[in-house]
Amino acid sequence: LDDRDGKIWLDGQMVDWRDAKIHVLTHTLHYGCGAFEGVRAYETAAGTAVFRLQDHTQRLLNSAKILRMKVPFSAEELNAAQKEVVRANGLKSCYLRPLVWIGSEKLGVSPKGNRIHAMVAAWSWGAYLGEDGMKKGIRVRTSSYARHHVNITMTQAKTVSNYTNSILANMEATDDGYDEAVLLDSSGFVSEGSGENLFVVKDGTVYTPDLSAGALNGITRNTVLHICEDLGLKVVQKRITRDECYIADEMFFSGTAAEVTPIREYDRIQIGAGQRGPVTEKIQGAFFDIVNGRNAKYAHWLAQV
Ligand code: PMP
């Protein structure tokens, strides 16, 4: 991903893609204190638009606040940077990666006094869990790794170091031939995927773990909650057990990268009819209508670049 043409926004400047480099003594590289976002831009009839740009930027700044990092850029500057990166790379639809991190002035555990940096890159990225998975559903397994406990790391911050847990869970699941992991919280209740929130449909009601299970407060999760309300679907946020999932009619993941991805099998148990369910398909359709600018009600979620 590093040896290619293009532009990356780095600390307020647009730099050539190959020159967007940091020093090996970068504090965040050693101790993992940094925060990032995953954002997507989509093609709409009015041109390319970043989906829920303000919400992603606010979550980035909230993550930094939780980590006691003072980001030297305002929300407005970070929003402008993201739009600029999409334009500069001539992308019609893409994934964006903003990141804030601590510099290399010194390397004790305490980062006090080190400079805070920021960058934004963007590139084309199709269906995160595969085009086939989007239509037919994916296969997932319960991870042997628990999701972070809410008082061990900060689960509402999208921090760099939180993702070691996600990487372990994802590698375990994919090494075992599954598409993705489902992490339980430290009490054994279902929490989320390695990079996705989880939903369950049973008897026409949509369930999702409440955030006390340590799942990230996903922006796509929130979008799905709006869609459910529009579709007249009842939503319940509560503690969910594995066996409630096993006997569900449908399951699906939500996430910026994963969008709305159906789950057809969980721990080798077929979910519902073993394919994308009708409720999931409706929600998925509504999601793509919104992000592609076909639903005027949510035009305010689209930031034209
Ligand atoms: N949980 C985790 C652990 C994630 O990494 C993500 C992706 N950001 C999500 C949930 C989904 O969040 P969002 O819909 O905001 O992308």
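The values are calculated or read from the model by the stated rules, or taken from the named source; none is laboratory data. Please read these numbers as outputs of a predicted model, since none were measured by experiment. Note that each Cβ is placed from the backbone with ideal geometry, even for glycine, and that neighbours are counted across all protein chains shown.
Checking the condition touching a residue at least 60 places away in the same chain (Cβ under 8 Å), assigned by TED's automatic domain parsing to the domain that holds Asp243 and at positive phi, which residue from Gly204, Gly188 passes?
Gly204
Taking Thr26, is it surrounded by 24 or more Cβ atoms within 10 Å (Cβ to Cβ) and either polar (S, T, N, Q) or away from the ligand (no atom under 16 Å from the Cβ) (or both)?
So Thr26 does not fit the description; no.
Quickly run through segment 29-46 and pick out the residues that are within 16 Å of the ligand (Cβ to nearest atom) and more than 22 Å from Ala75 (Cβ to Cβ).
Hit for segment 29-46 is Gly32, nothing else.
So which of Ala303, Ala258, Ala286 ends up being in contact with a Leu (Cβ under 7 Å, 6 or more places away or on another chain) and buried (at least 23 other Cβ atoms within 10 Å of the Cβ)?
Ala258 is the lone residue from the list that is in contact with a Leu (Cβ under 7 Å, 6 or more places away or on another chain) and buried (at least 23 other Cβ atoms within 10 Å of the Cβ).
Would it be correct to say that Ala157 is within 13 Å of the ligand (Cβ to nearest atom) and in contact (Cβ under 8 Å) with a residue 40 or more places away in the chain?
Criteria met by Ala157.
For a quick check of your reading: which strands (runs of 3 or more DSSP E) sit entirely within segment 1-108 and have at least 1 residues that are modelled with pLDDT of 95 or more and within 25 Å of Arg294 (Cα to Cα)?
Counting at least 1 such residues, we get 39-44, 47-51, 94-102.
List every residue pair whose Cβ atoms sit under 6 Å apart, with the two residues 6 or more apart in sequence or on different chains, where the first one lies in segment 2-20 and is in the same structural domain as Pro98 (by TED's automatic domain parsing) and crowded, with 16+ Cβ neighbours inside 10 Å and the second, anywhere, is assigned to a loop (DSSP other than H, G, I, E, B) and basic (Lys, Arg).
Final answer for the pair search is Trp17/Arg4.
Determine if segment 168-180 includes at least one residue that is farther than 25 Å from Leu96 by Cβ and either hydroxyl-bearing (Ser, Thr, Tyr) or assigned to a strand (DSSP E or B) (or both).
Yes: segment 168-180 contains one or more residues that are farther than 25 Å from Leu96 by Cβ and either hydroxyl-bearing (Ser, Thr, Tyr) or assigned to a strand (DSSP E or B) (or both).
What's the total number of residues in segment 111-144 that are surrounded by 14 or more Cβ atoms within 10 Å (Cβ to Cβ) and closer than 30 Å to Ser187 by Cβ?
Result for segment 111-144: 10.
Restricting to segment 266-283, give me the number of residues that are surrounded by 17 or more Cβ atoms within 10 Å (Cβ to Cβ) and among the hydrophobic types (A, V, I, L, M, F, W, C).
3
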